[in-house]
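J.: Quick one: this structure, given as structure tokens, is what I'll be asking you about.
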Amino acid sequence: MQKSRIDPEIFITWLIKITGYSAIVFVFLIFYFLLSEGIPAIREVSFSEFFQQRWYPIEDYFGLLPLLVGSVIVTVGALIIAVPLGLLTAIYIAEVASPRTKEILKPLVELLGGFPSVVLGFLGLLILSQYLREIFALPTGLSALTGALILAGIALPAIVSISEDALDTVPRSYRDASLALGATEWQTIWWVTLPAAKSGVLTAIMLGIGRAIGETMVVLMVTGNAPMMPQGLATFINPTRTMTATIAAEMGEVANGSTHYHVLFFIGIVLFIIALIVNVSASTFVFRRKKRSDRILS
Amino acid sequence: MPTNIRILFFILLLVITACSSQPGSEDPSSESSEYLNNVGSDTMVNLALAWAEQFQASNPQSNLSISGGGSGTGIASLINGTTDIANASRKIKSEEIDNAQANGIEPNEFVVARDAIAVIVNPNNPIDILSLEQLSDIYSGKINNWQELGGDDRPIVRLSRETNSGTHVYFLEEVLRLGDKENKTLFSTDTLLLPSSEVIGTEIRHNPNAIGYDGLGYVTDDMKVIAVSATSTDPSAYIYPSPESVNDGSYPIARDLFMYTAGPPAGFVQQYMEWIFSPEAQNTVTELGFVPIISQ
């Protein structure tokens, strides 16, 4: 009896250890693969060519600027829509709504997150882009705006769900203390509860950015994929081409080992670096905030 | 700590195996002489599938595997030796021939059918005819409003297939550059590069500003086909795409559809290629909206 109790213990410890380490191994393997396939691009294409304003790989135009701008525009557009909407929804669900409303709303928001993105892309292509074209009198509805709206829909559930969890974990006593000091309910939410949940809310926004910048299928379907340089405010309503859509659309047919192939992997490295910068800056921000609030509390 | 070293060793092992097992890990050559692999052009994939089904119906012991992926994919597979026949909606490039020869493969070309590229607009667009020169000016960004062509005051939205499509390359060379090898005109940067014929169709049906192009087989009744002329002066020279106008050479944007084999076909591949030129197989070409090769 006693022996059989010890054996699974060791087995489970090892299993958990291996799964833990495997995550690190996979990240390194992916990074290694990206580097080994993407670095040759720097030797084959001169650095100044990457800063051209034209992406047309079949004639050896490898300007990455329009793609970079496209990814940034669509992601920033999605965040401008999703962050305020998501935060306010989370505040409503966590702080204002009655328990019954909350029980209905939260699963519904999470259901939205369960939609396959290709379904949303299809809706965007067939319905949203046509309405947007008519309402705003655009030349075409396949634009950065449509992409940003659909991506906002994709990022929203992550932002709402995680910020709501963060707001939920703020101790009751904080709110009671604030209300007892004479603060109104809104003042309590804005000046006490939200700052206390800041790190969780920031994580939520970061995850939202991650989903938006990494999304491929939707942007491929609804943004029109025209690699254009920015033209002032019109950039938001023009068609645009993102880095992810470029990789997805072109990787299938590119000749293995060609310059174009290496440049596509180089775009992958650029995406990886952007994700890294976003994550690192977010975690340093969260870290600094925590230290300060810790100091105040102690 | 010894466990740490062991884990490091494990990581190293994984990295090494990942590096070494990359190229040519799969062996496509099935020993059955009745097996055939056919990869390539998305334009031709429906045709290739229809042919394979028809052929298998009369030769039940045969086994044909058909897949798309694009002309470039097909030719790359031929070069790598992973397919018996490559379908292509464009001619093989000279560098692809060089790559193939470096691998000991001599690509053998067959023209198996022809395809007209139809220029399509929204049914509400009053424009009926365009010359190749006007099409070139539209797609290169010199003409930006339908009014300049005698239509409504609407911006022109240019639709195209992705750059990896054989149709895109053909349109670039024969329409934008008017067949001139020295011409380096490119698509206007605001040309929408759409991932499939379906997306082009959707946008054409809904958007009165749009102009697009696609294989004649993909044109449906709710799009308007434009009559095209190679010269803009003669009004009778504007021709609608059809099997007749492609075969008598009057429709200016028509192209050959190719199949490539590695060297002269032999055995089962030869049997299949001969069958493709039979009246039975060429009938299927017509049914799918392509233009058959006339051998009489």
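J.: Need the failing condition index for A:Ile12 against (1) surrounded by fewer than 12 Cβ atoms within 10 Å (Cβ to Cβ); (2) within 14 Å of another protein chain (Cβ to nearest Cβ); (3) at pLDDT 90 or above, just the number.
T.: Only one criterion in (1) surrounded by fewer than 12 Cβ atoms within 10 Å (Cβ to Cβ); (2) within 14 Å of another protein chain (Cβ to nearest Cβ); (3) at pLDDT 90 or above is unmet by A:Ile12, namely (2).
J.: In region B:80-99, how many residues are within 21 Å of B:Tyr272 (Cβ to Cβ) and more than 18 Å from the chain's Cα centre (by Cα)? Before you say what the answer is, go through the steps one by one.
T.: Here is the first cut: in region B:80-99, the residues within 21 Å of B:Tyr272 (Cβ to Cβ) are B:80-89, B:92.
Narrowing the set further to residues that are more than 18 Å from the chain's Cα centre (by Cα) leaves B:80-82, B:84.
The number of residues fulfilling the criteria is 4.
J.: Where residues in region A:217-272 are within 8 Å of chain B (Cβ to nearest Cβ), open to solvent by 10 Å² or more (accessible area, probe 1.4 Å) and polar (S, T, N, Q), which of them is nearest to A:Asp60 (Cα to Cα)?
T.: Ranking the qualifying residues of region A:217-272, first place goes to A:Asn256.
J.: Next question. Scan region B:26-46 and report the pairs whose first residue is within 17 Å of B:Asn63 (Cβ to Cβ) and whose second residue is modelled with pLDDT under 85, with Cβ atoms within less than 8 Å and a gap of 6+ or a chain change.
T.: Partner pairs satisfying both residue conditions: B:Asn37/B:Pro28; B:Val39/B:Gly68; B:Val39/B:Gly69; B:Val39/B:Thr73.
J.: Answer yes or no: is there a residue in region B:96-114 that is of a type in the set (Gly, Ala, Ser), open to solvent by 10 Å² or more (accessible area, probe 1.4 Å), in contact (Cβ under 8 Å) with a residue 40 or more places away in the chain and more than 11 Å from chain A (Cβ to nearest Cβ). I'd like the intermediate steps shown before the answer.
T.: Of region B:96-114, the ones of a type in the set (Gly, Ala, Ser) are B:100, B:102, B:104, B:113.
Narrowing further to those that are open to solvent by 10 Å² or more (accessible area, probe 1.4 Å): B:102, B:104.
Narrowing further to those that are in contact (Cβ under 8 Å) with a residue 40 or more places away in the chain: none.
Looking through region B:96-114, none of the residues is of a type in the set (Gly, Ala, Ser), open to solvent by 10 Å² or more (accessible area, probe 1.4 Å), in contact (Cβ under 8 Å) with a residue 40 or more places away in the chain and more than 11 Å from chain A (Cβ to nearest Cβ).
J.: Right, something else. Only residues that are closer than 21 Å to B:Asn145 by Cα, aliphatic (A, V, I, L, M) and facing another protein chain (nearest Cβ under 9 Å): list them for region B:195-211, please.
T.: Result: B:Ala210, single match.
J.: Looking only at region B:166-192, filter to residues that are open to solvent by 10 Å² or more (accessible area, probe 1.4 Å) and polar (S, T, N, Q); which one of those is nearest to the other protein chains (Cβ to nearest Cβ)?
T.: B:Thr189
J.: Among the residues of region A:227-250, which ones are more than 22 Å from the chain's Cα centre (by Cα) and either within 30 Å of B:Glu95 (Cα to Cα) or at pLDDT 85 or above (or both)?
T.: Of everything in region A:227-250, those that are more than 22 Å from the chain's Cα centre (by Cα) and either within 30 Å of B:Glu95 (Cα to Cα) or at pLDDT 85 or above (or both) turn out to be A:Met228, A:Met229, A:Glu250.
A quick yes/no check of all residues on (1) touching a Leu at 6+ places or on another chain (Cβ under 7 Å); (2) assigned to a helix (DSSP H, G or I); (3) open to solvent by 50 Å² or more (accessible area, probe 1.4 Å):
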{"site": "A:Ile93", "(1), (2), (3)": "yes, yes, no"}
{"site": "A:Leu108", "(1), (2), (3)": "no, yes, yes"}
{"site": "A:Val119", "(1), (2), (3)": "no, yes, yes"}
{"site": "A:Leu123", "(1), (2), (3)": "no, yes, yes"}
{"site": "A:Glu134", "(1), (2), (3)": "no, yes, yes"}
{"site": "A:Leu142", "(1), (2), (3)": "yes, no, no"}
{"site": "A:Ser163", "(1), (2), (3)": "yes, yes, no"}
{"site": "A:Arg175", "(1), (2), (3)": "no, yes, no"}
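J.: Quick one: B:Lys224 ticks every box in (1) within 14 Å of another protein chain (Cβ to nearest Cβ); (2) at pLDDT 85 or above; (3) surrounded by fewer than 20 Cβ atoms within 10 Å (Cβ to Cβ) bar one, so which box is it?
T.: The single condition B:Lys224 does not satisfy is (1).
J.: Additional query: Among the candidates B:Thr202, B:Thr286, which residue alone is surrounded by fewer than 17 Cβ atoms within 10 Å (Cβ to Cβ), in a helix (DSSP H, G or I) and within 21 Å of the chain's Cα centre (by Cα)?
T.: None of the other options fit; the residue is B:Thr286.
J.: Quick one: A:Arg292 ticks every box in (1) modelled with pLDDT of 90 or more; (2) more than 14 Å from every other protein chain (Cβ to nearest Cβ) except a single one, so which number is it?
T.: Among (1) modelled with pLDDT of 90 or more; (2) more than 14 Å from every other protein chain (Cβ to nearest Cβ), A:Arg292 violates only (1).
J.: Turning to a different aspect of this structure: Can you name every one of the helices (runs of 4 or more DSSP H) wholly within region B:29-103 that holds 2 or more residues which are farther than 18 Å from B:Thr284 by Cβ?
T.: B:71-80, B:94-102
J.: Could I ask something else about it? Answer with yes or no whether A:Thr188 is within 14 Å of chain B (Cβ to nearest Cβ), in a helix (DSSP H, G or I) and in contact with a helix residue (DSSP H, G or I) (Cβ under 6 Å, 6 or more places away or on another chain).
T.: It is false that A:Thr188 is within 14 Å of chain B (Cβ to nearest Cβ), in a helix (DSSP H, G or I) and in contact with a helix residue (DSSP H, G or I) (Cβ under 6 Å, 6 or more places away or on another chain).
J.: Here are the criteria: (1) in a helix (DSSP H, G or I); (2) within 14 Å of another protein chain (Cβ to nearest Cβ). Tell me which single one A:Gln53 does not satisfy.
T.: Exception for A:Gln53: condition (1).
J.: So, B:Ser131, is that one in contact with a strand residue (DSSP E or B) (Cβ under 7 Å, 6 or more places away or on another chain) and buried (at least 22 other Cβ atoms within 10 Å of the Cβ) or not?
T.: no
J.: With respect to A:Thr284, determine if the residue is away from chain B (no Cβ under 12 Å), assigned to a helix (DSSP H, G or I) and open to solvent by 20 Å² or more (accessible area, probe 1.4 Å).
T.: yes
J.: Sticking with this structure for a sec: Which condition number in (1) under 18 Å from the mean Cα position of the chain (by Cα); (2) in the same structural domain as B:Asp128 (by TED's automatic domain parsing); (3) of a type in the set (Val, Ile, Thr) is the one that B:Thr261 fails?
T.: (2)
J.: For the condition more than 12 Å from chain B (Cβ to nearest Cβ) and in contact (Cβ under 8 Å) with a residue 60 or more places away in the chain, what is the one hit in A:Gly214, A:Gly200? Can you show your working first?
T.: Working: A:Gly200 fails: in contact (Cβ under 8 Å) with a residue 60 or more places away in the chain.
Result: A:Gly214 is the single residue among A:Gly214, A:Gly200 that is more than 12 Å from chain B (Cβ to nearest Cβ) and in contact (Cβ under 8 Å) with a residue 60 or more places away in the chain.
J.: I would also like to ask the following. Counting only residues that are of a type in the set (Val, Ile, Thr) and either closer than 14 Å to B:Tyr260 by Cβ or surrounded by fewer than 17 Cβ atoms within 10 Å (Cβ to Cβ) (or both), which one in region B:60-75 is farthest from the other protein chains (Cβ to nearest Cβ)?
T.: My answer is B:Ile75.
The values are calculated or read from the model by the stated rules, or taken from the named source; none is laboratory data. Just so it is clear, the structure is predicted and the values come from calculations on it, not from any experiment. Backbone-built Cβ (ideal geometry, glycine too); neighbour counts: all protein chains shown. The area values use the complete protein model at the heavy-atom level, side chains included, leaving out ligands, DNA and RNA. Shrake-Rupley method; radii C 1.70, N 1.55, O 1.52, S 1.80 Å.
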